[in-house]
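Presented below is the structure to which this report refers.
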C-alpha cells in the first residue's frame with residue numbers, strides 16, 4: 001500500500017513539475033513575442049504558408065522516397081527470402097530516419 005501511494009505521489013509531483021515548466025515556457029513565449037502578437041494575422045498567415053502549404057511537398061517527396069525505398073528493399077529482401085517484411089521496413093525507415101530529413105528539405 002505504501003509503495004502504491006509513493007508511486008502515485010511521484011506521478012503527481014512529476015505532473016506538477018511538467019505543468020510548471022509548461023507555464024514558464026508559455027509566459028516566456030508571451031513576453032518575447034511582442035511583435036508577433038501585435039501583427040497576429042500576419043503571423044498566422046506566415047505559419048499557414050510555412051506549414052500547411054509545404055505539406056503537399058512533404059507528402060509527394062515522401063511518396064517517391066517510399067516507392068524507391070520499397071523497390072530497393074524488395075530486391076534486397078527477396079534475396080534472403082523475407083520479402084513479406086517490406087512494409088515494416090519501409091514504414092520504419094521512413095518514419096524514423098528519412099521522414100525528418102525529407103521534411104527538413
Which ones in region 59-69 are within 17 Å of the chain's Cα centre (by Cα) and within 16 Å of residue 96 (Cβ to Cβ)? 62
Give 61, 23 a once-over and let me know the one that is assigned to a helix (DSSP H, G or I) and in contact with a helix residue (DSSP H, G or I) (Cβ under 8 Å, 6 or more places away or on another chain). 61
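Read-outs throughout are calculated quantities, based only on the coordinates presented, and are distinct from any laboratory measurement. What you are looking at is a predicted structure, and each value in this text was computed from that prediction instead of being measured. Quick reminder, even Gly has a Cβ in these numbers, built from the backbone with ideal geometry, and neighbours come from all protein chains shown.
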